[in-house]
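First comes the structure, then the notes that go with it.
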Amino acid sequence: MKWFCFLSIFVISNAIAGCSNFDSNDQIEVSPSFDNEFGEMFGVEEKIGIIGGQVTAGEDQKWMWHFWGEEVQYKEFSAVAINIETNEEIDPIKIDYEMLIPTEDGLISHSPSQVMFPSEGIWKVKAYVDDEFFEEFVVEVFP
């Protein structure tokens, strides 16, 4: 009987843990900063980069988004952010200019926006171009 109780508890706790969007064994790290001709950015180098300062919970902040690749020129972008601890999912973009405009060389497209994260913590941001997944990065939001 004790063995059955133990096995039942084990199965139920694994089922509950499996409902989370993130595996507790995954190591989620804040995306690194990198420098290029536009300045210091964070994100995924040569894929997606954000120019913006420290992110504070509950405050609007300007971000300049940069997407690498000719296939993103003149397309719309969007994002979904997920809090790693709470699994809260939001649209962090409050104001954007809807379209990614290419730079002179045409290799990078960019657009300004205003973002806001409602609470502190580690947030995974998934970026989409014309509603198709493009790339993701991780940002820390401070109190």
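Here, each number is a calculation from the coordinates, and none is a lab measurement. In this text the structure is predicted, and so the values were computed from the model without any measurement. Backbone-built Cβ (ideal geometry, glycine too); neighbour counts: all protein chains shown.
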Give me, ordered by chain and number, the residues 5 or more places off S119 or on other chains with an amide H under 5 Å from its own placed amide H.
G58
May I ask you to derive the FRET efficiency for D105 and Q27 from their Cβ-Cβ distance with R0 = 30 Å, giving the value to the nearest 0.05?
0.25
Prolate/oblate/rounded label for region 23-143 (Cα gyration tensor, a/c 1.5):
prolate
Any aspartates and glutamates whose Cα falls less than 13 Å from that of K75, other than same-chain ones fewer than 8 residues away, would be D96, E98, D130, D131, E132
N87-E40 FRET efficiency (beta carbon distance; Förster radius 30 Å; 0.05 resolution)
0.50
